[in-house]
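Everything on this sheet refers to the single structure shown next.
The values are calculated or read from the model by the stated rules, or taken from the named source; none is laboratory data. Computed from a predicted model, the values in this text were never measured in an experiment. Using ideal geometry, Cβ is built from the backbone for each residue, glycine included, and neighbour counts are taken over all protein chains shown.
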Amino acid sequence: EQRIRAIRKAWYHMFGNLLAVVLAVINFIFHMRDGAMAVLPTGLILSAVTVLLLLFTGWMGGELVFRGRVGVLEPDVTER
């Protein structure tokens, strides 16, 4: 929908989530390659950045729903 594409927070939400998935895959590859040795510090840093990104994008998603009313079905006042 054009209205959603015009909202900057929607783009932050989308790109942040895509980046979080990419970082999680990279973290998975590091763990597959090096096992337990990948945890410190690379795995820990990638995990922390991923969590921070997900917190940010969750906040942006909340802003979209609760403030921007994206995806919210408003009640029809004529049905009363």
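Does any residue of segment 33-40 turn out to be over 21 Å from the mean Cα position of the chain (by Cα), at pLDDT below 90, assigned to a helix (DSSP H, G or I) and crowded, with 16+ Cβ neighbours inside 10 Å? Yes, that holds for at least one residue.
If you take the residues in segment 41-58 that are without any contact (Cβ under 8 Å) to a residue 24 or more places away in the chain and surrounded by 14 or more Cβ atoms within 10 Å (Cβ to Cβ), which one is farthest from Val72 (Cα to Cα)? Let's see the steps before the verdict.
Here is the first cut: in segment 41-58, the ones without any contact (Cβ under 8 Å) to a residue 24 or more places away in the chain are 41-48, 51-52, 55, 58.
Applying the additional criterion that residues be surrounded by 14 or more Cβ atoms within 10 Å (Cβ to Cβ) yields 42-43, 46-47.
Values: Thr42: 40, Gly43: 38, Leu46: 34, Ser47: 32 Å.
By that ranking, first place goes to Thr42.
Scanning segment 41-73 for residues that are at pLDDT 95 or above and of a type in the set (Val, Ile, Thr) yields Val49, Thr50, Val51, Thr57. When the residues of segment 4-32 are narrowed to those that are assigned to a helix (DSSP H, G or I) and touching a residue at least 60 places away in the same chain (Cβ under 8 Å), which ends up farthest from the chain's Cα centre (by Cα)? Looking at the filtered set, the residue picked out is Ile4. Among the residues of segment 11-21, are any surrounded by 12 or more Cβ atoms within 10 Å (Cβ to Cβ) and either in contact with a strand residue (DSSP E or B) (Cβ under 8 Å, 6 or more places away or on another chain) or modelled with pLDDT under 95 (or both)? No, the conditions are met nowhere in segment 11-21.
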